[in-house]
Amino acid sequence: QRVSVEVLEHLEHLALVDFRDAEGVERLQKAIQFADQLHEVNTDGVEPMDSVLEDRWCLYLREDDVTEGNCTKELLENAREKVEEYFVAPPGNIPLPKLEERETFLQSS
């Protein structure tokens with residue numbers, strides 16, 4: 001099953017991943033083939049779950065107790081890129097190719 005240019009573009013924008021090389025496209029196609037196996041599972045009569053923890057109706061969260069503070073400066077030293085007092089994520093968004101470039105690449109792979 002081949003991946004269309006439109007699907008490739010949509011996935012690149014969602015995941016901020018560059019699929020321009022043959023290895024990236026091949027990995028994506030293998031992932032889709034793997035996920036397609038889910039269509040073979042018979043789910044008739046199976047109710048969807050709200051949680052993978054079947055025995056709980058709601059998930060309990062722990063208290064968020066602050067034990068230390070005022071360490072913004074130290075935390076931001078770990079940032080590859082920051083704007084004011086915020087991390088920039090993902091760092092260095094990839095430049096996505098133009099639609100024509102993708103069509104040419106997909107036809108040659």
Margin query: Which of the numbered conditions does Lys30 fail, given that it passes all the others? Conditions: (1) assigned to a helix (DSSP H, G or I); (2) modelled with pLDDT under 85; (3) over 14 Å from the mean Cα position of the chain (by Cα).
Written below: (2)
Next item on the list: Please specify each residue of segment 75-91 satisfying the condition of being of a type outside the set (S, T, N, Q) and open to solvent by 100 Å² or more (accessible area, probe 1.4 Å).
Entry: Glu77, Arg80, Lys82, Glu84, Glu85, Tyr86, Phe87
Checklist line | Residue check, Arg102 open to solvent by less than 80 Å² (accessible area, probe 1.4 Å), basic (Lys, Arg) and either at pLDDT 85 or above or within 21 Å of the chain's Cα centre (by Cα) (or both) | finding: yes
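The values are calculated or read from the model by the stated rules, or taken from the named source; none is laboratory data. Just so it is clear, the model here is predicted, and its values are computed rather than measured. Please note that ligands, DNA and RNA were not included when accessible areas were found on the heavy atoms of the full protein model with its side chains. Shrake-Rupley method; radii C 1.70, N 1.55, O 1.52, S 1.80 Å.
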